[in-house]
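Structure first, commentary second.
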Amino acid sequence: MDDFAQASAVENVTCPFCGLLCDDLTVERDTAGALRVGKNGCSRSITFFERGTPPLLPRLGGEDASLQDAIAGAAEFLRRAHHPLIAGLGTEVQGMRAVTSLADKLGATIDHMHSKGFMRNLLVVQNSGWLTTTLTEVRNRVDLLVIIGTDVVSLLPRFFERVVWNRDSLFGQDTAQREIVYLGGQNIDTTAGIAPDGRKPEVLPCEPERLPEVAAALRALVAGKKLAATEIAGIATTALEKLAERLKTARYSVFTWSARAMDFPHAELTVQNITETIKILNQTTRSSGLPLGGNDGDVSINQVSAWISGYPVRTSYGSGHPEYDPYHFSTDRLIDRGEADVLVWISTFDPGRIPPATNLPTIVLGHPGMKFDQEPDIFIPVGVPGMDHRGVLFRMDGVVALPIDRLRSSTLPSLGEVLAAIEQAL
Amino acid sequence: MLLKLTGGTVYDPAHGIDGQVMDIYVRDGRIVDRPREGERIDQEYDLTGKVVMAGAIDMHTHIGGGKVNIARTLLPEDHRGDPVDHTELTRAGCGHVAPSTLTTGYRYAEMGYTAGFEPAVLPLNARQAHLEMGDTPIIDKGGYVMLGNDDLFLRMLAAQKDQNAINDYVAWIIHATQAMGIKVVNAGGISAFKFNQRMLDLDEKNAYYQVTPRQVLKTLARAVYELGVPHPLHVHGNNLGVPGNVETTLNTIAGVEGYPLHLTHIQFHSYGTEGDRKFSSGAARIAEAINRNKHVSADVGQILFGQTVTASGDNMSQFRNAGHAHPDKWICMDIECDAGCGVVPFKYKDQNFVNALQWAIGLEIFLLVEDPWRIFLTTDHPNGAPFTSYPHLIRLLMDKTFRNEIFSRIHPDAQKMSTLASIDREYSLYEIAIMTRAGAARLVGLHDRGHLGVGAAADITVYTDDPDREKMFAKPDYVFKDGELVVRNGKVVKVTWGATHAVKPEFDRGIEKEIAKYFDTYHTVKMDHVKVTEQHIAEDGRNHVIVQACKGRRERTA
Ligand code: SF4
Ligand SMILES: [Zn+2]
């Protein structure tokens, strides 16, 4: 058993703060329990690990309250509710298991804060499927990386260090020769794509909302069609033709995109143009998708929801069995149309993820550092998984799940403990 | 707590008991000989006229892990057809081809099953498999971990590493993933697909490592044997679904030099190329080979007509077959220089020649393999059909009239290509008890399950003898799990959580140095973080690991 009162440097810490789940950090703890990232951090992990968490009491109607009273108060709200909505869901596997248990009991609807982007991918999966890969494959095989409409690193800071510019690889590749193409988007910071020898990535920018045209054109070219237009959304057709050729000769190309960043109507069709391009390429060579994500537990909670209920989130237990509707059961829609009557908002990793503005009675279970524009009816600060208590998180690729550890002494309960207590008190 | 199960007709093949009327006593979850002097019987069940067997064991069923959850996510339309409401006792979920974990546990128990083994645990995805199995109530669980397409093993093989070093690595993987055995899927082929090879026959070389599936199979079969792991190497052969693959399968049997081998879903690997359509039954040749080779066992992977989903580690084959997807959507994945997966929904139709013949081939194998201790009842859930169709399958085996009636309705050309109607065999209750209980437990290495002898765990199923075997096996009167009544009249009456079985073969831990360095240099996780510990499995507050004995490490055999 660790003695959390002692100062210490913990090695090989798994960082829960983005979908890469780097597991090589050194985190130092002083006698007061403050954490400092030593080796292998990034700016994001430093912000998140080193954020102080003042010992904080729950609040009932804005007043300090005991945990017991806050739990009883939450149970009271939920007992009276007809259509509770449990949203945010910034948590890990064990927390999500408790969420699904409570939702089943209450007949609640569940949704995640990043569903808007996540659903763009999921709609494609459920319509046509896809071919994807995982981080260790990318690290050892990618020879052509096509990055679509994102810089990657603002979501996943160590992406290039971990899986693109790694020095050693398994199959004799000179990783410094890997080709990077940024396709679409504007004013994207492409410095992370510069090779160790200074070679610059290719950048083919376009206005973000014109990405659909570019993705459709690339798919057509890879399928062997000819385009009459000389340019697509400002990108020369010849440049896209060249890219299509490179994709066909590459041995293991990888496409990556952030569905969250594709903020235009029917972005799922753009995702589908990418994934269908990959399918075509695989008729003759190998190519894979690597959709970005995993932050705030979005991959983890959808995994848990799928095995517990059969469906990802945007699922309602209201009729006694799970029902899934990626449009109808969105947080925004349920709140806007007045279909939910209590909001339970969960964000255990990020204090910045506060609930949407609403007149609904609101219970927040979250990071103790949360600051609200609008004080919720009940606020129960809970521990940060991977700092205050153990847990399990899935990485962005949905395959590797890693344990996250406790790093310091904490008086904060875990989300799972609070939810179980609320369920008991019903 | 002492239970008495009085006067049932008992089928307990592990002890040669074939329909004998007897009493069974259960104290604190275990079967005992008789009450102690003056010991009070707390509860008695009158089982006069009832059929009593050990709880059934599904030795190959895809119930947990990445590809199963992908299948769930892929098919909301299928779930909508089988919603499961929550009750006072049980939680909500969904059923049919890729049921939720909760529904999976309830429904297995309601069919009299008390254990199920996930046959395709990927080392780098083992944590997910155990999380899902941990959320599968009532039944016991366990997994076979996949090797033979992972870079480290292929690298060791290519470097002609000493068998002892390989054994150490294999044992390390078993420990790290809390597994019951080793499975190999399309040996070397999943890896070859990553190098853009599209087929890999038994003696064809993987383009990068220059090793053949035959070498992979032999080395792993030997490792499993020498480590004393009770479950033989579990083999999903090369060339799944390819007409003519019967030759590959026969060569596979011959290729392991007598080491124990379990061939899974062998129906999918028993195809010839005769006839106008160049697709024929290899069942007779396969059955003959199994009958002759006592070191070989198989489960059938029977297909049954209707919608299902195929979920496999074999993405090389799944990609090849993706054109048949119904509905038209599918997923393939390369995984961590370790494995792969492919999920393709599929609808088997009795008026489709190939599907109809697949159905007949599976049944031919069941009926032509003579020794029920070496052939096992599976649909390779959900690949051939969902597990909920087992009672129907049992009736097909036990009832010739029923079988022939269905046979007469399948595609006429398939009827012409099959000898099924000429096979008179009907399985007896004793034989069913062997293949679903005693034999399965012995094969998996569950020393205290699958039988009703003194000291066994009291996993017991009680049926009403009914000539309609489908009805009988669909709805047991009672199911006891570790001595607790969990099902009455085919409905869950108590939710327990079962346990996870694993083996712990001895090995030289010195191997960890090499493995750790390998992970540090090439992978994106640390070796230590790959490990699933017993504590991790117990962390949900209800599951725990039961360690089943290995017979002890053998000296090198050659
Ligand atoms: S890249 Fe992501 S997982 Fe890695 S250290 Fe930074 S925040 Fe943590
Ligand atoms: Zn299988």
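Observations on the model:
- Selected residue [under 25 Å from residue B:262 (Cα atoms) and more than 14 Å from every other protein chain (Cβ to nearest Cβ)] from B:339, B:385: B:385
- Members of the stretch A:303-329 that are out of contact with any strand residue (DSSP E or B) (no Cβ under 9 Å at 6 or more places or on another chain) and more than 11 Å from chain B (Cβ to nearest Cβ): A:327
- Among the candidates A:152, A:181, A:164, A:138, the residue that is assigned by TED's automatic domain parsing to the domain that holds residue A:209 and within 20 Å of residue A:297 (Cα to Cα) is uniquely A:152.
- In the stretch A:251-274 there is at least one residue that is in contact with an Asp or Glu (Cβ under 6 Å, 6 or more places away or on another chain), within 14 Å of another protein chain (Cβ to nearest Cβ) and at pLDDT 95 or above.
- The residue pairs whose first member lies in the stretch A:393-410 and is within 12 Å of residue A:22 (Cβ to Cβ) and more than 7 Å from chain B (Cβ to nearest Cβ), whose second member is charged (D, E, K, R) and surrounded by fewer than 24 Cβ atoms within 10 Å (Cβ to Cβ), and whose beta carbons are closer than 9 Å, counting only pairs six or more residues apart or on different chains, are A:404/A:390.
- The residues in the stretch A:1-27 that are within 15 Å of ligand 1 (Cβ to nearest atom), part of a loop (DSSP other than H, G, I, E, B) and charged (D, E, K, R) can be counted, and the count is 2.
- Of the residues examined, residue B:247 is not one that is more than 16 Å from ligand 2 (Cβ to nearest atom) and farther than 28 Å from residue B:196 by Cβ.
- Inside the stretch A:326-342, residues that are surrounded by 15 or more Cβ atoms within 10 Å (Cβ to Cβ) and assigned to a helix (DSSP H, G or I) make up a count of 4.
- Considering residues of the stretch B:320-351 that are surrounded by fewer than 24 Cβ atoms within 10 Å (Cβ to Cβ) and more than 19 Å from residue B:75 (Cβ to Cβ) only, the residue nearest to ligand 2 (Cβ to nearest atom): B:320
- Being touching a residue at least 60 places away in the same chain (Cβ under 8 Å) and not hydroxyl-bearing (Ser, Thr, Tyr) holds for only one residue in A:338, A:386, A:310, A:352, and it is A:386.
- Subset of the stretch A:279-292 (residues that are closer than 24 Å to residue A:21 by Cβ and within 14 Å of chain B (Cβ to nearest Cβ)): A:288, A:289, A:290, A:291
- Of all the residues in the stretch B:391-427, those that are among the hydroxyl-bearing types (Ser, Thr, Tyr) and out of contact with any strand residue (DSSP E or B) (no Cβ under 8 Å at 6 or more places or on another chain) number 4.
- Close pairs from the stretch B:243-261: first touching a residue at least 12 places away in the same chain (Cβ under 8 Å) and closer than 18 Å to residue B:281 by Cα, partner among the basic types (Lys, Arg) and in a loop (DSSP other than H, G, I, E, B), Cβ under 7 Å, at least 6 apart: B:243/B:278
- When the stretch B:270-308 is limited to residues that are within 16 Å of ligand 2 (Cβ to nearest atom) and within 16 Å of the chain's Cα centre (by Cα), the one that is surrounded by the most Cβ atoms within 10 Å (Cβ to Cβ) turns out to be B:300.
- Where helices (runs of 4 or more DSSP H) fall wholly inside the stretch A:28-119, the ranges with 1 or more residues that are touching a helix residue (DSSP H, G or I) at 6+ places or on another chain (Cβ under 8 Å) and more than 16 Å from ligand 1 (Cβ to nearest atom) are A:67-80, A:93-106.
Every residue, every condition in (1) at pLDDT 95 or above; (2) under 23 Å from the mean Cα position of the chain (by Cα); (3) within 14 Å of chain B (Cβ to nearest Cβ), yes or no:
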position	(1), (2), (3)
A:156	yes, yes, yes
A:162	yes, yes, yes
A:168	yes, no, yes
A:183	yes, yes, no
A:198	yes, no, no
A:211	yes, yes, no
A:220	yes, no, no
A:242	yes, no, no
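- Yes/no for residue B:318 being of a type in the set (S, T, N, Q), more than 16 Å from ligand 1 (Cβ to nearest atom) and in contact with a Cys (Cβ under 9 Å, 6 or more places away or on another chain): yes
- For the stretch A:106-140, filtering for residues that are among the charged types (D, E, K, R) and more than 7 Å from chain B (Cβ to nearest Cβ) leaves 3.
- Restricting attention to the stretch B:502-542, the residues that are basic (Lys, Arg), within 9 Å of chain A (Cβ to nearest Cβ) and either surrounded by fewer than 13 Cβ atoms within 10 Å (Cβ to Cβ) or over 19 Å from residue B:337 (Cβ atoms) (or both) add up to 0.
- Taking the criterion of being within 20 Å of residue B:430 (Cβ to Cβ) and not in a strand (DSSP E or B), the residues of the stretch B:6-31 that qualify are B:13, B:14, B:15, B:16.
- Enumerated helices (runs of 4 or more DSSP H) restricted to the stretch B:49-134, each holding at least 1 residues that are farther than 18 Å from residue B:500 by Cα and modelled with pLDDT of 95 or more: B:66-74, B:76-80, B:101-110
- Residues satisfying the stated conditions in the stretch B:138-189, i.e. buried (at least 22 other Cβ atoms within 10 Å of the Cβ) and without any contact (Cβ under 8 Å) to a residue 12 or more places away in the chain: none
- Residue tally, condition touching a Leu at 6+ places or on another chain (Cβ under 8 Å), more than 21 Å from residue B:208 (Cα to Cα), free of Cβ contacts under 8 Å to residues at least 60 places away in the same chain and not β-branched (Val, Ile, Thr), over the stretch A:152-189: 2
The values are calculated or read from the model by the stated rules, or taken from the named source; none is laboratory data. Here the structure is a predicted model, which is why all the values come from computation and not from measurement. No Cβ is skipped: glycine too gets one built from the backbone with ideal geometry, and neighbour counts run over all protein chains shown.
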